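**Q** Here it is, the structure in full.
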Amino acid sequence: MPYKPMSPKEFEKYLKMVGWYLEKGKIDWNLYNEKAHFICSVKISHGSRTKSEVAASSVKKVKKEFEEKGFVWPPRKKSKKS
């Protein structure tokens, strides 16, 4: 299955659902889990006249990490059960 680039806002929203976060590195962004352990680097591409987006290869990497940790990609909000 080919992966599509994703908007940084949507990508960060998914990461926050599981407690992960991004920090700016020298070139790329670094992804950390809830215990502040490094997971992988993420490329966010941008140009002077183009919108910024998370590279498709980075989306694939993060999806793989989610599945290894037992999470579903893309994460879904927990449904309220009465």
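**Q** As an exercise: evaluate LYS61 against (1) surrounded by 10 or more Cβ atoms within 10 Å (Cβ to Cβ); (2) out of contact with any Ser or Thr (no Cβ under 9 Å at 6 or more places or on another chain); (3) part of a helix (DSSP H, G or I) and give the number of the one condition it does not meet.
**A** Failing condition for LYS61: (2).
**Q** Kindly provide the set of residues from segment 22-51 that are surrounded by fewer than 15 Cβ atoms within 10 Å (Cβ to Cβ) and either in contact with a helix residue (DSSP H, G or I) (Cβ under 8 Å, 6 or more places away or on another chain) or closer than 17 Å to LYS64 by Cα (or both), ordered by number.
**A** First, pick out the residues of segment 22-51 that are surrounded by fewer than 15 Cβ atoms within 10 Å (Cβ to Cβ): 23-27, 34-38, 40-41, 45-51.
Listed by number, the residues that qualify are GLU34, HIS37, PHE38, CYS40, SER41.
**Q** Looking at (1) under 11 Å from the mean Cα position of the chain (by Cα); (2) surrounded by 15 or more Cβ atoms within 10 Å (Cβ to Cβ), which is the only condition GLU10 fails?
**A** (2)
**Q** Still on this structure: Go through (1) open to solvent by less than 80 Å² (accessible area, probe 1.4 Å); (2) at pLDDT 95 or above; (3) of a type in the set (Phe, Trp, Tyr) one by one and return the number of the condition TYR3 breaks.
**A** (2)
**Q** Follow-up question, since we're still on this one. Which condition number does GLY47 fail, the rest of (1) of a type outside the set (Asp, Glu); (2) at pLDDT 90 or above; (3) farther than 18 Å from PRO75 by Cα being met?
**A** (2)
**Q** Taking only pairs six or more apart or across chains, which ones have beta-carbon atoms under 6 Å, a first residue in segment 12-41 that is acidic (Asp, Glu), and a second residue that is open to solvent by less than 90 Å² (accessible area, probe 1.4 Å)?
**A** GLU23/ASN30; ASP28/SER41; GLU34/GLY19
The values are calculated or read from the model by the stated rules, or taken from the named source; none is laboratory data. Please read these numbers as outputs of a predicted model, since none were measured by experiment. Because the Cβ atoms are built from the backbone with ideal geometry, glycine has one as well, and the counts that use them run over all protein chains shown. With ligands, DNA and RNA removed, areas are computed over all heavy atoms of the protein, side chains included. Shrake-Rupley method; radii C 1.70, N 1.55, O 1.52, S 1.80 Å.
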